[in-house]
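The values are calculated or read from the model by the stated rules, or taken from the named source; none is laboratory data. Everything quoted here is computed from the prediction, not taken from an experiment. Cβ coordinates were reconstructed from backbone atoms using ideal geometry, including for glycine residues, and neighbour counts include every protein chain displayed.
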Amino acid sequence: MKIVVIGGTGLIGSKLVAKLKQQGHEAVAASPKSGVNAVTGEGLAAVLAGADVVVDVANAPSWEPAAVLEFFERSSKNLAATEAAAAVKHHVALSIVGTDRSPDIAYFRAKLAQETIVKASPVPYSIVRATQFFEFLGAIGDMGATEDRIVVPSALFQPIAAEDVADRLVEVAMGEPLNGTIDIAGPEKAPFNEFIARRLKASGDARPVVGDPKATYYGAPIDDKSLNPLGEARLGKMPLAKWLETL
């Protein structure tokens, strides 16, 4: 089976391509590095020729509100049109848990726009919404850095390892199109500040981490429901403690 991974050289894409190849599939990593640009359309028709499945895990280079919206709208429209012409059988899009509940976060608004385009396409689809990745905990903590401490939200959080995200994407890509959305999340749920504190401690950062219910996430207020699945979700297998051992 030929599976094209848009954003196939990134954090999730590189893991996904490797796992698909291990299963004997023709997995193609498509990105600007390989001459494929979904935003401009460059190289899309050629790489999608004969493709059975397309998995879009591309990330925007800029999170500035107008730029990130343009990225996901243009790339998704180009993919939809080119996939339809190539008779692609299944489009899988990686999105974020909470895209429809956090309108104040520009990146989430852009991902919701992407989902809308995917749903309107004639190509059968599956949308996989993931919680935030363990790999981003350090950067998330940095956003709350002050002179002597880190202040982050105290709302519940359920992050997931990138390795588990790739595994769940393999499962979905190999299955029949859902023509719907599923959530995936990590196996543990705890206050936001606890995850950040454990990540910093593992890297030798002694700054105290304070959970503040009024602290924002990318400039937006959040609560226990903002970033977590509200219903059934496919859970990853890797707990934070095991992931921290890989640092």
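Miscellaneous remarks
- Of all residues making up region 1-48, the number that are part of a loop (DSSP other than H, G, I, E, B) and among the charged types (D, E, K, R): 0
- Answer from 166, 185 - the residue that is in contact with a helix residue (DSSP H, G or I) (Cβ under 6 Å, 6 or more places away or on another chain) and of a type in the set (Gly, Ala, Ser): 166
- The residue that is surrounded by the most Cβ atoms within 10 Å (Cβ to Cβ), counting only those in region 1-38 that are in contact (Cβ under 8 Å) with a residue 12 or more places away in the chain and of a type in the set (Lys, Arg), is 15.
- Of 168, 198, all but one fail to be out of contact with any Phe, Trp or Tyr (no Cβ under 9 Å at 6 or more places or on another chain), under 29 Å from residue 124 (Cα atoms) and surrounded by 15 or more Cβ atoms within 10 Å (Cβ to Cβ); the exception is 168.
- Taken over region 41-58, residues that are in contact (Cβ under 8 Å) with a residue 24 or more places away in the chain and within 16 Å of residue 71 (Cβ to Cβ) amount to 5.
- Number of the exception - residue 220 against (1) surrounded by 14 or more Cβ atoms within 10 Å (Cβ to Cβ); (2) modelled with pLDDT of 95 or more: (2)
- Residue in region 130-153 that is surrounded by fewer than 21 Cβ atoms within 10 Å (Cβ to Cβ) and of a type in the set (Val, Ile, Thr) present: yes
- All told, residue 197 meets the bar of being among the small types (Gly, Ala, Ser) and touching a strand residue (DSSP E or B) at 6+ places or on another chain (Cβ under 7 Å).
- Residue match in region 215-226 (condition: of a type outside the set (Asp, Glu), within 17 Å of residue 241 (Cβ to Cβ) and assigned to a strand (DSSP E or B)): no
- Given (1) in contact with a Leu (Cβ under 9 Å, 6 or more places away or on another chain); (2) surrounded by 15 or more Cβ atoms within 10 Å (Cβ to Cβ); (3) of a type in the set (D, E, K, R), index of the condition residue 73 fails: (1)
- Scanning region 78-97 for residues that are under 16 Å from the mean Cα position of the chain (by Cα) and buried (at least 23 other Cβ atoms within 10 Å of the Cβ) turns up 91, 92, 93, 94, 97.
- A count restricted to region 165-198 and to residues that are assigned to a strand (DSSP E or B) and more than 18 Å from the chain's Cα centre (by Cα) stands at 2.
- Test: residue 71 is among the hydrophobic types (A, V, I, L, M, F, W, C), free of Cβ contacts under 8 Å to residues at least 40 places away in the same chain and closer than 22 Å to residue 215 by Cα: no
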